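K.L.:
Okay, here's the structure, questions in a sec.
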Amino acid sequence: MAEEPIERAKNRGYKLLADAEAALEAGQIDEAGWHQRGMAVITRAYLAGDNPRSQSGHSGDEAYWRQARSLVAEAMDRDGAFLDVGCASGHLMECVQQWAGEQGRRVEPYGLDIAPELAALARSRLPQWAERIWVGNAIDWVPPQRFDFVRTGLEYVPRRRQPDLVRRLLQEVVAPGGRLIIGSGSEEKDQTRIGPSLEEEVFSWGFGIGGSLRRPHYHDARLEYRVFWIEA
Ligand SMILES: C[S@@+](CC[C@H](N)C(=O)[O-])C[C@H]1O[C@@H](n2cnc3c(N)ncnc32)[C@H](O)[C@@H]1O
């Protein structure tokens, strides 16, 4: 069987992102249009999912999901409030609470999503947390409180806004002494990657990296899962 192209293996939405980036840079769409494009595709695909993982954009079974996502819980070194930026079905919120609990830490999860339909899905799946799942765009959302741990993906905003997203989350959303956790998507291994890692890129924007974790990909030997964090 032919090997899956690495860009697609890393992110199944890579083509959508690349096209939206090109259209933004060419002036064919503005940033609102960039977000609209992503939302239209993601919302439809996630709502068609038949389990909480696929409703959060993950195509694997529970073991695969845990291998891919539980680094987020490991990046939390103490009890605290956890905001999942881009919470989709809310599955990471509940799993992080469980995984951190297995390590003896108490985590209170909160969620934010740009897509109202996905926030509604998370609220209906997790009615006990309905009041702490919000709709908003992470780049300008005004939080009702601060959180000890905030996880985000940088691909949630156009490339040129990614440093702004990091700065804003650190200044407005993460509690003093808390952590902004970035990832965990999969990245190419250092040995074969051409160019900087995401962590190196964020460092080059002037942010100090507080720590990082990595582990092998579930089935693709070219990739590994990574998270890293910035202390606020
Ligand atoms: C791949 S899912 C992540 C699900 C889960 N948080 C996880 O890490 O497994 C990405 C989610 O981010 C949301 N999203 C994308 N851009 C966003 C933005 N600018 N602000 C808030 N949410 C955003 C999407 O609607 C989608 O539900």
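K.L.:
Residues in the range 31-64 that are assigned to a helix (DSSP H, G or I) and out of contact with any Phe, Trp or Tyr (no Cβ under 9 Å at 6 or more places or on another chain): how many? Give the steps one after another, and end with the answer.
P.N.:
Within the range 31-64, the first condition is being assigned to a helix (DSSP H, G or I), and the residues that meet it are 31-47, 54-56, 62-64.
Okay, now just the ones that are also out of contact with any Phe, Trp or Tyr (no Cβ under 9 Å at 6 or more places or on another chain), so 31-34, 36-37, 39-47, 62.
Residues flagged as assigned to a helix (DSSP H, G or I) and out of contact with any Phe, Trp or Tyr (no Cβ under 9 Å at 6 or more places or on another chain) within the range 31-64 amount to 16.
K.L.:
For the range 119-128, indicate whether the set of residues that are away from the ligand (no atom under 14 Å from the Cβ) and touching a strand residue (DSSP E or B) at 6+ places or on another chain (Cβ under 8 Å) is non-empty.
P.N.:
Taking the range 119-128 first, the residues away from the ligand (no atom under 14 Å from the Cβ) are 124, 127-128.
Within this subset, residues satisfying the condition of being touching a strand residue (DSSP E or B) at 6+ places or on another chain (Cβ under 8 Å) are none.
No; the residues of the range 119-128 include none that is away from the ligand (no atom under 14 Å from the Cβ) and touching a strand residue (DSSP E or B) at 6+ places or on another chain (Cβ under 8 Å).
K.L.:
Does Glu25 fit the bill of being more than 11 Å from the ligand (Cβ to nearest atom), modelled with pLDDT of 95 or more and open to solvent by 60 Å² or more (accessible area, probe 1.4 Å)?
P.N.:
The answer is yes for Glu25.
K.L.:
Could you look through the range 167-208, keep only residues that are within 13 Å of the ligand (Cβ to nearest atom) and in a helix (DSSP H, G or I), and pick out the one that is surrounded by the fewest Cβ atoms within 10 Å (Cβ to Cβ)? Even if it seems obvious, please write down each step before you answer.
P.N.:
Narrowing the range 167-208 to residues within 13 Å of the ligand (Cβ to nearest atom): 168-169, 173, 181-186.
From the residues that got through so far, the ones that are in a helix (DSSP H, G or I) too are 168-169, 173.
Values: Arg168: 16, Leu169: 24, Val173: 22.
Out of the qualifying residues, it is Arg168.
K.L.:
Then there's this: Only one residue in Arg78, Arg105, Arg53 is crowded, with 21+ Cβ neighbours inside 10 Å, modelled with pLDDT of 95 or more and of a type in the set (Lys, Arg). Which one?
P.N.:
Details: Arg78 fails: crowded, with 21+ Cβ neighbours inside 10 Å; Arg105 fails: crowded, with 21+ Cβ neighbours inside 10 Å.
None of the other options fit; the residue is Arg53.
K.L.:
Can you name the number of the only condition in (1) closer than 26 Å to Ser204 by Cα; (2) more than 14 Å from the ligand (Cβ to nearest atom); (3) in a strand (DSSP E or B) that Arg151 fails?
P.N.:
Condition not satisfied by Arg151: (2).
K.L.:
Return the pair list, or none, for Cβ contacts closer than 8 Å from residues in the range 121-147 that are over 20 Å from Leu47 (Cα atoms) and modelled with pLDDT of 95 or more to residues that are part of a helix (DSSP H, G or I) and aliphatic (A, V, I, L, M), at least 6 apart or on different chains.
P.N.:
Pairs found: Ala138/Leu165; Ala138/Leu169; Ile139/Leu165; Trp141/Val173; Pro143/Val173; Arg146/Val173; Phe147/Val173.
K.L.:
Find the residue count for the range 209-228, including only residues that are among the hydrophobic types (A, V, I, L, M, F, W, C), open to solvent by 40 Å² or more (accessible area, probe 1.4 Å) and either modelled with pLDDT of 95 or more or over 23 Å from Glu62 (Cα atoms) (or both). Show your work before the answer.
P.N.:
At the first step, the residues of the range 209-228 found to be among the hydrophobic types (A, V, I, L, M, F, W, C) are 209, 213, 221, 223, 227-228.
Next, from what is left, pick out any that are open to solvent by 40 Å² or more (accessible area, probe 1.4 Å): 209, 213, 221.
Retained after the next criterion (residues that are either modelled with pLDDT of 95 or more or over 23 Å from Glu62 (Cα atoms) (or both)): 209, 213.
Selection size over the range 209-228: 2.
K.L.:
Continuing with this model, one more query. Looking only at the range 59-72, filter to residues that are under 13 Å from the mean Cα position of the chain (by Cα) and closer than 17 Å to Ala88 by Cβ; which one of those is nearest to the ligand (Cβ to nearest atom)? Step through it out loud before you land on a result.
P.N.:
Initially, the range 59-72 is screened for residues under 13 Å from the mean Cα position of the chain (by Cα), giving 68-72.
Restricting the remaining residues to those that are closer than 17 Å to Ala88 by Cβ gives 68-70, 72.
On the way: Ala68: 8, Arg69: 5, Ser70: 11, Val72: 7 Å.
Here the residue is Arg69.
K.L.:
If you don't mind, there's one more thing I want to ask. Within the set of pairs 6+ apart or on separate chains, which have a first residue in the range 66-83 that is part of a strand (DSSP E or B), a second that is surrounded by fewer than 22 Cβ atoms within 10 Å (Cβ to Cβ) and among the polar types (S, T, N, Q), and C-beta atoms under 8 Å apart?
P.N.:
Close Cβ pairs (under 8 Å, with a partner that is surrounded by fewer than 22 Cβ atoms within 10 Å (Cβ to Cβ) and among the polar types (S, T, N, Q)) amount to Ala81/Gln145; Phe82/Gln97.
K.L.:
So, one more: Select from the range 108-133 the residues that are open to solvent by 10 Å² or more (accessible area, probe 1.4 Å), touching a helix residue (DSSP H, G or I) at 6+ places or on another chain (Cβ under 7 Å) and not in a helix (DSSP H, G or I) and list them in ascending order.
P.N.:
Scanning the range 108-133 gives Tyr110, Asp113, Ile114.
K.L.:
Still on this structure: Looking at Arg53, Arg44, Arg37, Arg66 in this structure, which one is of a type in the set (Lys, Arg) and over 25 Å from Leu198 (Cα atoms)?
P.N.:
Numbers: Arg53 fails: over 25 Å from Leu198 (Cα atoms); Arg37 fails: over 25 Å from Leu198 (Cα atoms); Arg66 fails: over 25 Å from Leu198 (Cα atoms).
Within the list Arg53, Arg44, Arg37, Arg66, the selection yields Arg44.
The values are calculated or read from the model by the stated rules, or taken from the named source; none is laboratory data. All of these numbers come straight from a predicted model, not from anything done at the bench. Glycine also receives a Cβ, built like all others from the backbone with ideal geometry; neighbour counts cover every protein chain displayed. Just the protein is used for accessible areas: all its heavy atoms, side chains included, with ligands, DNA and RNA removed. Shrake-Rupley method; radii C 1.70, N 1.55, O 1.52, S 1.80 Å.
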